[in-house]
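The values are calculated or read from the model by the stated rules, or taken from the named source; none is laboratory data. What you are looking at is a predicted structure, and each value in this text was computed from that prediction instead of being measured. Note: ideal-geometry Cβ built from the backbone for every residue, glycine included; neighbour counts use all protein chains shown.
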Amino acid sequence: MKRSRSFLVILFVLMTGVSSGAAQEPIKLRVGLGDVSLNKIPFVAAYEAGIYKKNGLDVEQSVTPAAAEVARRTGVIVPPEMVRSGGKDTAIVIGGGSPLIVRWTSDAQADDRVIVGCTDQVVRWRIIGRSEIASVEQLKGKRLGYSGFGAVTHYVALVFSGLMHWNPQQDLSLMSGANTMDALKSGRVDAIIASELHETLALAAGYKMLVDLAKYNLPNAGSGVNVSRAYLKNNQEAVRRFVKSTVEAIALVKRDKQAAFHAMAKWYNVTDPKQQEYFYREIANLPRKPYPSIDGIKKVMEVYNSHEMRKYKAEDFYDASFMRELDQSKFIDGLYD
């Protein structure tokens with residue numbers, strides 16, 4: 001029995017690429033961070049704490065200019081050295097499953113990517129509005145800001161409209177490119193679908209939380225690890241190491257508040273202690289085992305039901321094998337013992 005256990009441990013070490021040989025030959029990997037939000041903190045912390053390097057990866061990680069501009073419009077300045085254009089040569093993108101699925105079924109130029117992990121499996125965002133709106137019911141007939149068609153914020157806006165029994169075309173105005181502080185300040189929208197970072201800054205500026213969407217327990221194909229399908233075909237080991245780094249980084253920020261604060265300060269320029277604490281409270285909601293959100297994928301396919309969407313099954317959009325491998329080996333459980 002002891003010999004069998006030893007064999008399994010050795011096999012797992014070899015499979016996850018943490019042998020001394022793998023450490024001496026790091027795999028170069030380009031990683032793009034999507035929107036500036038809580039779900040990116042583990043990846044920033046992984047970079048800063050040396051988790052990628054420990055797992056034999058030489059990661060070039062950055063925020064896209066578009067994401068940095070959206071953050072700037074909410075008052076968060078991403079340092080210029082952290083900003084770089086993405087593109088199809090970016091093997092791994094940390095972003096929403098919802099836009100990945102919607103683009104693939106509506107845009108002939110979309111990248112062919114597969115979801116291998118999800119850190120945002122349930123909708124936990126809030127709707128933040130102007131102070132004169134007394135209740136969420138008063139949002140009917142008003143303007144609600146989201147980022148773009150198919151984005152998680154758009155998905156949330158459509159699902160929320162259904163919960164309220166509103167027609168999203170007739171009972172309120174859904175405004176794209178407008179889930180930012182400047183959209184609220186300018187009066188172009190009356191409320192926004194706010195991620196944790198936008199919510200933190202909006203509440204500090206005197207805006208009001210109209211509804212906490214977490215109470216509805218809505219499935220979400222939110223932010224996670226999306227891999228180029230072409231890259232995945234020939235680079236299984238690199239993806240395996242990255243998924244391993246992801247679960248280690250989640251464990252790190254859950255255990256070590258200062259590691260999360262350091263990441264916020266360096267990458268997002270969020271240095272105010274109160275804002276850091278408010279932002280950090282959501283770290284507890286990050287899943288220890290960030291499997292692809294199958295229920296979230298199915299819900300996205302239901303909401304964006306189209307002729308092209310109906311050609312696919314949920315499993316066409318995800319690969320849970322890397323997370324399952326770590327889970328079944330008890331590696332993830334061991335991070336919390």
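Which one is nearest to V63 (Cα to Cα) among residues in region 239-261 that are surrounded by fewer than 22 Cβ atoms within 10 Å (Cβ to Cβ) and small (G, A, S)?
A259
Report every pair of residues separated by at least 6 positions or lying on different chains whose Cβ atoms are under 8 Å apart, first residue within region 262-276 and surrounded by fewer than 16 Cβ atoms within 10 Å (Cβ to Cβ), second modelled with pLDDT under 85 and part of a helix (DSSP H, G or I).
Matching pairs, first to second residue: K274/A204.
Of the conditions (1) under 30 Å from G162 (Cβ atoms); (2) in contact (Cβ under 8 Å) with a residue 12 or more places away in the chain, R310 clears all except one; give me its number.
Failed condition: (2).
Pairs, please: C-beta under 6 Å, at least 6 apart or cross-chain, first residue hydroxyl-bearing (S, T, Y) and in region 221-244, second assigned to a loop (DSSP other than H, G, I, E, B)?
S223/T119; S223/D120; S228/A91; Y231/A91
Collect the residues in region 310-337 that are crowded, with 16+ Cβ neighbours inside 10 Å and either in a strand (DSSP E or B) or at pLDDT below 95 (or both), keeping them in residue-number order.
Y318
Could you tell me whether any residue of region 169-187 is touching a Gly at 6+ places or on another chain (Cβ under 8 Å), over 22 Å from D35 (Cα atoms) and without any contact (Cβ under 8 Å) to a residue 40 or more places away in the chain?
Yes - at least one qualifying residue is present in region 169-187.
Between V78, V59, which is in a loop (DSSP other than H, G, I, E, B) and either of a type in the set (A, V, I, L, M, F, W, C) or farther than 20 Å from G224 by Cα (or both)?
That would be V78, the only listed residue that is in a loop (DSSP other than H, G, I, E, B) and either of a type in the set (A, V, I, L, M, F, W, C) or farther than 20 Å from G224 by Cα (or both).
If you go through region 195-214 one residue at a time, how many are closer than 19 Å to K140 by Cβ and not acidic (D, E)? Write out each step before concluding.
Restricting attention to region 195-214, the residues satisfying the condition of being closer than 19 Å to K140 by Cβ are 207-213.
Then keep just the ones that are not acidic (D, E); that gives 207-211, 213.
Residues meeting the conditions: 6.
Would you be able to say whether some residue in region 236-244 is assigned by TED's automatic domain parsing to the domain that holds E69 and aromatic (F, W, Y)?
Yes: one or more hits.
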